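K.L.:
Dumping the structure here so I can ask a few things about it.
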Amino acid sequence: LTQNTTVSELAKKLEVKPNELIKKLMGLGVIATMNQSLSEEEIEVLCGEMGKKVKFKEVTGDDIFEEEEDAPSLLKPRAPVVTIMGHVDHGKTSLLDAVRESDLVSKEHGGITQKMAAYKVQVGKGEIIFIDTPGHAAFTAMRARGAKGADIVILIVAADDGIMPQTVEAIDHAKAAGVPIIIAINKIDKEGSNPEKVKQELTKYSLVPEEWGGRTQVALISAKNRIGIQELLEKVLLEAELLELKTNPDATGFGIVIEGRLEKGKGPVGTVLLQRGSMKVGSPFITNYTYGKVKALIDGHGTRLREVKAIMPIEILGFEEVPNAGDKIKVLGSEKEVKEIAMRRSSDLRRIGQERKKKKMTLEDLHKKIESGAEKKLNLIIKGDGLGSIEALSDALHRVSGESSIEVNIIHKDAGEITETD
Ligand code: GDP
């Protein structure tokens, strides 16, 4: 269904009389007429009661982003996509610098890989793509939009500081996304550094080092002094091998926007991770909120390319407007097709934008959803002023969850203020 389906449209789809729906709505305390458009929640509850599942088409044309399955014979091995997370000042930036510097291709070119939101480095015979975005925000934004940002997370922990709140947050994010974690214990050169203590602390989060019989790889590094970087990257390649990552480099291009910005003289620029297929200069494309035609493709060494194949991080010029991080991007057959979809969509977006502003999920809505069976899992973040009360509360919630029809899933708990990343 599309959003804003009316009572009579929904009745037709469900093959019932509109009056029946109106009665059910009354039971829920909603007075509706035949031609009234229903909210997503109301539609879900009604469909749940009828034993039907409902899926919403976000916006006209969004179904073009639905992923196609590739025949196994078309799939080729691909490089892993990695993101570095960790507490502030534990060394993310220094490690990313060290990684860029380590790139073999750059060394041959006599330069250093450019600071891009996503770039590829050559490690021995393998390649790794790094996503370099500030903090966890981009990772979270991408996940919220249903895009898988990374295959592997490198969790950096300073050996002189140990596990800190953002370390825990990163662990929770990675776990919720089902992404394997490799630990980089940093600042081992520093006096007072204690890598063994960090390893010990990590076991509390079910991250048990291989040397202790677990399956978490741990590397000891100094990002600043460039110690252990090569070993860390080799561990990433090893982990990636287990994942057997593959893509079809010959399909029509498809990827996600890692970062968008406006650049003087260039216009809107998007750093894109091309995940599947190929893309050429001149390719017409569409994203969730904008569209364009590829004017230039620029790689991590500043080289302009005519064509790129997945998997590849690339800077694209030619967007109509600045794209958002996490947006999907897809190459289409013709400019005409792109323009048609874009036109239809802009009016839809405006209407849905206005509807959205009015809506908020309330506890009552949630209760209705649970009762109707439309919602089976309740994801929660617990914040409080002390660890004791947080533990008590989460224990209590787990107990309630065991007795009720809904599964409580605590994705993150921590002491302190509620922050934007929460
Ligand atoms: P970020 O906030 O996680 O990006 O951390 P930075 O990379 O900016 O590093 C924070 C501080 O730690 C900087 O002053 C770095 O110079 C320092 N630092 C990073 N790595 C190391 C290291 O291996 N050893 C030492 N002694 N200092 C480091």
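The values are calculated or read from the model by the stated rules, or taken from the named source; none is laboratory data. Only a predicted model underlies this, so the values are computations on that prediction, with no experimental measurement involved. Backbone-built Cβ (ideal geometry, glycine too); neighbour counts: all protein chains shown. The protein model used for the area step is the full one, side chains on, heavy atoms only, and it has no ligands, DNA or RNA in it. Shrake-Rupley method; radii C 1.70, N 1.55, O 1.52, S 1.80 Å.
K.L.:
Take segment 266-304 and flag every residue that is touching a Gly at 6+ places or on another chain (Cβ under 7 Å), assigned to a loop (DSSP other than H, G, I, E, B) and either of a type in the set (Val, Ile, Thr) or surrounded by fewer than 18 Cβ atoms within 10 Å (Cβ to Cβ) (or both).
P.N.:
Passing the criteria: only His301.
K.L.:
Go through (1) more than 25 Å from Gln122 (Cα to Cα); (2) surrounded by 22 or more Cβ atoms within 10 Å (Cβ to Cβ); (3) over 22 Å from the mean Cα position of the chain (by Cα) for Gly318 and report which single condition fails.
P.N.:
The number of the failed condition is (2).
K.L.:
Then there is this: Confirm whether Val105 is more than 16 Å from the ligand (Cβ to nearest atom), at pLDDT 90 or above and more than 20 Å from the chain's Cα centre (by Cα).
P.N.:
Judged against the criteria, Val105 is not a match.
K.L.:
In segment 202-216, how many are among the small types (Gly, Ala, Ser) and either farther than 23 Å from Glu244 by Cβ or within 13 Å of the ligand (Cβ to nearest atom) (or both)?
P.N.:
The qualifying residues number 2.
K.L.:
State all residues of segment 225-238 that are within 16 Å of the ligand (Cβ to nearest atom) and not acidic (Asp, Glu); if no residue qualifies, say none.
P.N.:
Asn225, Arg226, Ile227, Gly228, Ile229, Gln230, Leu232, Leu233
K.L.:
Further question: Out of all the residues in segment 157-211, which are part of a helix (DSSP H, G or I) and closer than 17 Å to Lys235 by Cβ?
P.N.:
Residues satisfying the conditions are Ala174, Pro195, Val198, Lys199, Leu202, Glu210, Glu211.
K.L.:
Go through segment 291-314 and report how many residues are under 19 Å from the mean Cα position of the chain (by Cα) and not aliphatic (A, V, I, L, M).
P.N.:
Count: 1.
K.L.:
Could you grab the pairs with beta carbons closer than 7 Å, sequence gap of 6+ or different chains, first residue in segment 204-227 and under 18 Å from Ala170 (Cβ atoms), second one near the ligand (Cβ under 9 Å from one of its atoms) and not in a loop (DSSP other than H, G, I, E, B)?
P.N.:
Ile221/Asn186; Ile221/Ile227; Ala223/Ser94; Ala223/Leu95; Ala223/Ala98; Ala223/Asn186
K.L.:
Let me ask something else. Hey, can you tell me all the residues within segment 384-395 that are open to solvent by less than 50 Å² (accessible area, probe 1.4 Å) and over 28 Å from the mean Cα position of the chain (by Cα)?
P.N.:
Gly386
Okay, residues lined up against (1) among the hydrophobic types (A, V, I, L, M, F, W, C); (2) at pLDDT below 95; (3) more than 12 Å from the ligand (Cβ to nearest atom); (4) surrounded by fewer than 22 Cβ atoms within 10 Å (Cβ to Cβ):
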| position | (1), (2), (3), (4) |
| --- | --- |
| Ile188 | yes, no, no, yes |
| Gln200 | no, no, yes, yes |
| Val218 | yes, no, yes, no |
| Ala223 | yes, no, no, no |
| Ala240 | yes, no, yes, no |
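K.L.:
Next up: Would a scan of segment 79-88 turn up a residue that is closer than 16 Å to Thr247 by Cα, open to solvent by 10 Å² or more (accessible area, probe 1.4 Å) and more than 9 Å from the ligand (Cβ to nearest atom)?
P.N.:
Yes, because at least one residue in segment 79-88 is closer than 16 Å to Thr247 by Cα, open to solvent by 10 Å² or more (accessible area, probe 1.4 Å) and more than 9 Å from the ligand (Cβ to nearest atom).
K.L.:
Looking only at segment 396-410, which residues are of a type in the set (A, V, I, L, M) and open to solvent by 50 Å² or more (accessible area, probe 1.4 Å)? Give the derivation first.
P.N.:
The initial filter retains those residues of segment 396-410 that are of a type in the set (A, V, I, L, M), namely 396-397, 400, 406, 408, 410.
Within segment 396-410, just Val400 meets the criteria.
K.L.:
Let me ask something else. Within segment 239-256, is even one residue over 20 Å from the mean Cα position of the chain (by Cα) and basic (Lys, Arg)?
P.N.:
no
K.L.:
Same structure again: Could you please give the count of residues in segment 164-186 that are within 14 Å of the ligand (Cβ to nearest atom), over 20 Å from Gln230 (Cβ atoms) and of a type in the set (A, V, I, L, M, F, W, C)?
P.N.:
Result for segment 164-186: 2.
K.L.:
Select from segment 242-265 the residues that are more than 16 Å from Met312 (Cβ to Cβ) and acidic (Asp, Glu) and write down the one among them that is surrounded by the fewest Cβ atoms within 10 Å (Cβ to Cβ).
P.N.:
If we take residues in segment 242-265 being more than 16 Å from Met312 (Cβ to Cβ) and acidic (Asp, Glu), then Glu244 is surrounded by the fewest Cβ atoms within 10 Å (Cβ to Cβ).
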